[in-house]
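Throughout, read-outs are computed from the coordinates displayed, never taken from laboratory work. Computed from a predicted structure; not experimentally measured. Because the Cβ atoms are built from the backbone with ideal geometry, glycine has one as well, and the counts that use them run over all protein chains shown.
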Amino acid sequence: MSRRGRFGKYGEVKRLERIRRSGSKSLLPKGWHTKTWLHGLMPGRAPRAKGRIRIRPARSSDEEFIKELSAKVFSAYGPYGEIISQWFKSVMPTTLVALMEGERVGFVMTGLLSSDRFAEVVCELLAIAVKPEKQMHGIGKMLLKEAEKKAARLGEKKIFLHTAVGNTAAQKLFSNSGYYCEAIKKNFYPSGQDALMMSKSLKPAPQGS
Ligand SMILES: CC(C)(COP(=O)(O)OP(=O)(O)OC[C@H]1O[C@@H](n2cnc3c(N)ncnc32)[C@H](O)[C@@H]1OP(=O)(O)O)[C@@H](O)C(=O)NCCC(=O)NCCS
């Protein structure tokens, strides 16, 4: 089978179809537009960033930033500037953007999978990225945690994701955040790399959160 065929069968083309079918537009909970201000950064081995990080829902005006950052950090895996731009049109309401002192520095994108194919409500983390010069400051961890919190508030029980077998930075972020490897998917990416499928069970959100 040609790579194109494999890609269509196993990889990102199917993901886009799933996202479109899932109708993620309705995922945003009431009150989500309320701004979330996060002061300081997560403790840990990564050095603390000096400024204040703000995480807010994405707006259509963030598309260019998301496209450019994706093209930069995911180019080894395929034409992800274009791919993630397409996803963004479907899942803008469940995309979060991190700002440091007003400057966009990262984003995280999730989508809900249609419940007819899954016994429980399952969320897929489609992409997470931090500007290269702002990495290792705890921003990725903050974005991930915020995306998980919102998913739990929507009643989602599990979150899963794919990341390249060779992407040690991402694997560290995910494994340190409680994700386990469930499977290896061969030739998952358009450029042919294998992916790890990782998942995490989400704790129910506390009442009234
Ligand atoms: C993966 C990514 C989002 C992490 O963002 P980040 O802001 O640098 O991550 P954090 O600073 O929050 O670090 C989280 C943990 O991962 C570790 N980590 C992050 N980058 C690392 C690297 N390059 N090498 C080793 N460990 C790394 C940190 O030390 C930290 O560990 P800790 O939990 O022990 O403190 C970022 O590297 C990135 O944008 N990469 C390109 C895009 C990508 O690959 N996305 C993931 C696939 S969807």
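Below are the figures for this structure:
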| read-out | value |
| --- | --- |
| Dipole magnitude of region 62-161, debye to nearest 20 (Cβ charges: Lys/Arg +1, Asp/Glu -1, about Cα centre) | 300 |
| Order of 89, 149, 67 - criterion: other Cβ atoms within 10 Å of each residue's Cβ, fewest first | 89, 149, 67 |
| Residue exposure sequence - 142, 100, 136 - by fewest surrounding Cβ within 10 Å | 136, 100, 142 |
| Subset of 134/185; 149/185; 131/172; 141/203; 172/203 violating a 25 Å alpha-carbon distance limit | 134/185; 149/185 |
| Cβ-based charge dipole, region 60-209, positive-most Cα from 99, 169, 206 | 206 |
| Spin-label model distance (nm) - residue 136 vs residue 176, 7 Å beyond Cα toward Cβ | 1.1 |
| Likely footprinting exposure, 68, 146, 156, fewest C-beta neighbours within 10 Å first | 68, 146, 156 |
